[in-house]
């Protein structure tokens with residue numbers, strides 16, 4: 001098979017949750033454990049860090065990877081979803097997995113893994129684990145797919161667990177209250193293994209984490225306490241963070257949520273140093289300042305064009321959209337244009353209630369089955385005072401937005417990672 005044929009096989013035989021939603025979701029660890037046995041438990045051959053939470057997992061994972069790379073470690077990075085190329089999910093020191101390996105993996109092992117009937121995520125996770133072992137990484141950063149307790153990745157025994165925050169998302173699977181969601185996310189807390197909590201949330205969710213950590217004798221660190229001296233200054237090129245240990249720390253990522261992620265990452269670095277990882281201050285500075293080049297991270301308040309200014313961001317739920325809207329309202333422009341689409345299983349009303357009325361909307365539908373119909377989105381948006389036209393594709397919506405935008409206008413593209421995924425190739 002060619003690389004494209006291999007991907008087609010994977011999507012066809014094992015549909016991915018990100019594309020079709022709940023029909024692709026397989027709860028529990030049985031498949032992951034069965035696959036792991038087939039491949040000889042590859043994740044046991046190197047150290048791991050497990051990163052969960054509602055939002056900020058990707059930024060946190062990539063920042064840590066960049067810092068550890070700069071500290072001289074060979075770092076595996078497993079994240080999801082991808083935006084342009086499937087191989088974005090599996091990287092070693094920022095370099096994507098080889099196409100030939102993806103093809104060989106499927107051809108070599110399909111007779112062994114097909115009887116297990118794994119999900120797309122379960123199989124690609126095991127592909128990543130085996131690739132990291134063959135590449136002889138020192139450490140791999142593993143991002144949780146969905147939830148935590150029953151997520152496929154929860155078969156690893158990490159050096160450190162990180163939970164970025166808790167917000168309303170995937171409620172069909174994780175529960176309809178923040179404490180219930182927190183309990184699922186807390187499932188990655190392992191016995192006698194330190195856990196960093198980025199944002200504790202309210203007292204109920206904080207108690208969930210404390211109780212879980214106590215029950216397995218896991219040291220727990222709250223980033224908001226550990227990095228209480230962190231202050232920020234916003235620059236055109238990103239953020240400038242200040243702590244006692246890291247004065248004038250330049251952050252390349254520009255989104256408002258990166259202040260929270262910075263606390264989380266710096267707390268994680270402190271903990272890794274206690275675990276005898278040699279991470280000099282300069283590695284932290286280089287990682288924060290050059291995370292995109294070092295890891296290939298995309299879609300986080302990413303500048304696509306300057307005149308007119310065009311920004312994209314993959315925030316896709318109320319917790320993440322809140323930061324995006326706050327940042328949009330802080331920008332300077334003559335008119336605001338928003339190319340906007342959502343997945344059909346998100347809490348539509350909670351997101352629309354946050355979106356700014358003083359904008360021209362281009363409602364659209366990403367090229368995945370899970371995308372919400374653009375006319376349905378437009379109809380619901382009117383109730384919130386959000387007005388604009390609907391477009392059958394992201395490409396059409398972006399094209400018209402660019403035509404309508406003046407040089408001093410701002411065009412924002414988002415609402416779903418799939419909208420961003422469809423838009424990015426238009427600017428490459």
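The values are calculated or read from the model by the stated rules, or taken from the named source; none is laboratory data. For clarity, every value in this text was computed on a predicted model and none was experimentally measured. Backbone-built Cβ (ideal geometry, glycine too); neighbour counts: all protein chains shown.
General observations
- Some residue of segment 383-403 being out of contact with any strand residue (DSSP E or B) (no Cβ under 6 Å at 6 or more places or on another chain), buried (at least 19 other Cβ atoms within 10 Å of the Cβ) and at pLDDT 95 or above: no
- Those helices (runs of 4 or more DSSP H) lying entirely in segment 1-44 with at least 3 residues at pLDDT 90 or above: 3-13, 30-38
- Check on residue 234, surrounded by fewer than 19 Cβ atoms within 10 Å (Cβ to Cβ), outside any loop (DSSP other than H, G, I, E, B) and at pLDDT below 95: yes
- Residues that are surrounded by fewer than 24 Cβ atoms within 10 Å (Cβ to Cβ) and in contact with a helix residue (DSSP H, G or I) (Cβ under 6 Å, 6 or more places away or on another chain), drawn from segment 270-296: 279, 283, 284, 286, 294
- The combined condition, being more than 29 Å from residue 87 (Cβ to Cβ), in contact with a strand residue (DSSP E or B) (Cβ under 6 Å, 6 or more places away or on another chain) and surrounded by 22 or more Cβ atoms within 10 Å (Cβ to Cβ), is not fulfilled by residue 333.
- Residue 419 being outside any loop (DSSP other than H, G, I, E, B) and touching a helix residue (DSSP H, G or I) at 6+ places or on another chain (Cβ under 9 Å): yes
- Residue 75 being at pLDDT 95 or above and within 22 Å of the chain's Cα centre (by Cα): yes
- Qualifying residue in segment 96-112 (condition: in a loop (DSSP other than H, G, I, E, B) and outside the structural domain of residue 415 (by TED's automatic domain parsing)): yes
- Checking each residue in segment 357-372 for being under 24 Å from the mean Cα position of the chain (by Cα) and either part of a loop (DSSP other than H, G, I, E, B) or surrounded by fewer than 21 Cβ atoms within 10 Å (Cβ to Cβ) (or both) picks out 365, 366, 367, 368, 369, 370, 372.
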